[in-house]
1. Contact list please: Cβ distance under 9 Å, first residue in region 130-141 and among the basic types (Lys, Arg), second residue near the ligand (Cβ under 6 Å from one of its atoms), pairs at least six apart or on different chains.
2. Please pick out the residue among Asp214, Asp202, Asp190, Asp126 that is assigned to a strand (DSSP E or B) and over 19 Å from Leu81 (Cβ atoms).
3. Name every residue in region 77-88 that is in contact (Cβ under 8 Å) with a residue 40 or more places away in the chain and buried (at least 18 other Cβ atoms within 10 Å of the Cβ), in order of residue number.
4. Give the residue, chosen from Arg156, Arg186, that is of a type in the set (Lys, Arg), out of contact with any His (no Cβ under 8 Å at 6 or more places or on another chain) and closer than 24 Å to Asp78 by Cα.
5. Determine which single condition Ile141 fails, assuming it passes every other condition in (1) out of contact with any Leu (no Cβ under 8 Å at 6 or more places or on another chain); (2) farther than 24 Å from Leu222 by Cα.
6. So which residues in region 42-93 are more than 29 Å from Gly127 (Cα to Cα), charged (D, E, K, R) and within 15 Å of the ligand (Cβ to nearest atom), if there are any at all?
7. When both residues are 6+ apart or on different chains and their Cβ atoms are under 7 Å apart, which pairs have a first residue that lies in region 152-165 and is without any contact (Cβ under 8 Å) to a residue 40 or more places away in the chain, and a second that is outside any strand (DSSP E or B)?
Amino acid sequence: MQNEQSLEMFVGAPPEWALHRPKPTLQSIYDFIGAPLRMVVLPDHVSERWHLTSLRAERLGVVLKAIEGKCLDVGAGDNMLVKLHRENSRDTCQSDKAMASEGVDVVDWGGGCTIVPGCTSLPYEDGTFDTVTFIACLNHIPERRQALAEALRVLRPGGLLIITMIGYIIGTVGHAIWWYSEDKHRDIADGEVMGMRPSDVDSLIENAGFVDIDVTKFVYGLNRMWLARRPV
Ligand SMILES: C[S@@+](CC[C@H](N)C(=O)[O-])C[C@H]1O[C@@H](n2cnc3c(N)ncnc32)[C@H](O)[C@@H]1O
């Protein structure tokens, strides 16, 4: 059943300027001055209205540059990553693969995701995707170890895993403050946490069997993006 809060929660695409990377210097300065607003007080769409780069645009900006080919976005929310990936790949040789990308979630936020009961058994053949993403959601997936094993299965050999995750302390403090956060609008499952220690994410990725693990920090080092590969 579609979540009735979806229109409030996820409100259209971020403006194009918010996704440009690297950011223009003036935008970086303005974002720094406005950091308390965009990182604590304001919902994403309000930050964007004030020309501040929202937290969702921060993660979308770095992830969109990294995605390859046909992507499965797990915990996809409003499916915005998949929609923007399709749009960005229009008129490129990746267009067909990008168009075949899809999102899955356990909650229907109204963006056209495939709704699944959980992420331990996804409805896809082995080796279906070039990229599997977990953007700001691995902490919300109680069965995260099995979800990464499932990601490995549905990735083609050599395929790319992308995870973004904030740290445990900033996540716990943040989720206490972010009055607009999606988790305020649904039931919280046992085993969900509000952020994760980087070393725990490293271990999960390694133990699931991924290789070539690489980590990039963004948003002043408060957020991280992991890239890793399914072995060939
Ligand atoms: C913070 S939102 C991130 C949404 C989106 N990935 C983004 O970057 O905007 C966390 C998402 O995880 C989803 N989620 C919660 N529990 C989940 C589970 N067990 N399996 C998959 N997704 C889950 C929520 O419904 C929500 O869409």
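1. none
2. After applying the criteria, what remains is Asp214.
3. Selection gives Gly77, Asp78, Met80, Leu81, Leu84.
4. Residue meeting the stated conditions: Arg186.
5. Ile141 satisfies all of (1) out of contact with any Leu (no Cβ under 8 Å at 6 or more places or on another chain); (2) farther than 24 Å from Leu222 by Cα except (2).
6. Those that are more than 29 Å from Gly127 (Cα to Cα), charged (D, E, K, R) and within 15 Å of the ligand (Cβ to nearest atom): Asp44, Glu48, Glu58.
7. Pairs found: Arg153/Asp126.
Quick note: the coordinates plus some simple rules give every number you see, no bench work behind them. Note that the structure is a prediction, hence the values are computed from the model and not measured. Cβ sites come from the backbone with ideal geometry, for glycine too, and all protein chains shown count toward neighbours.
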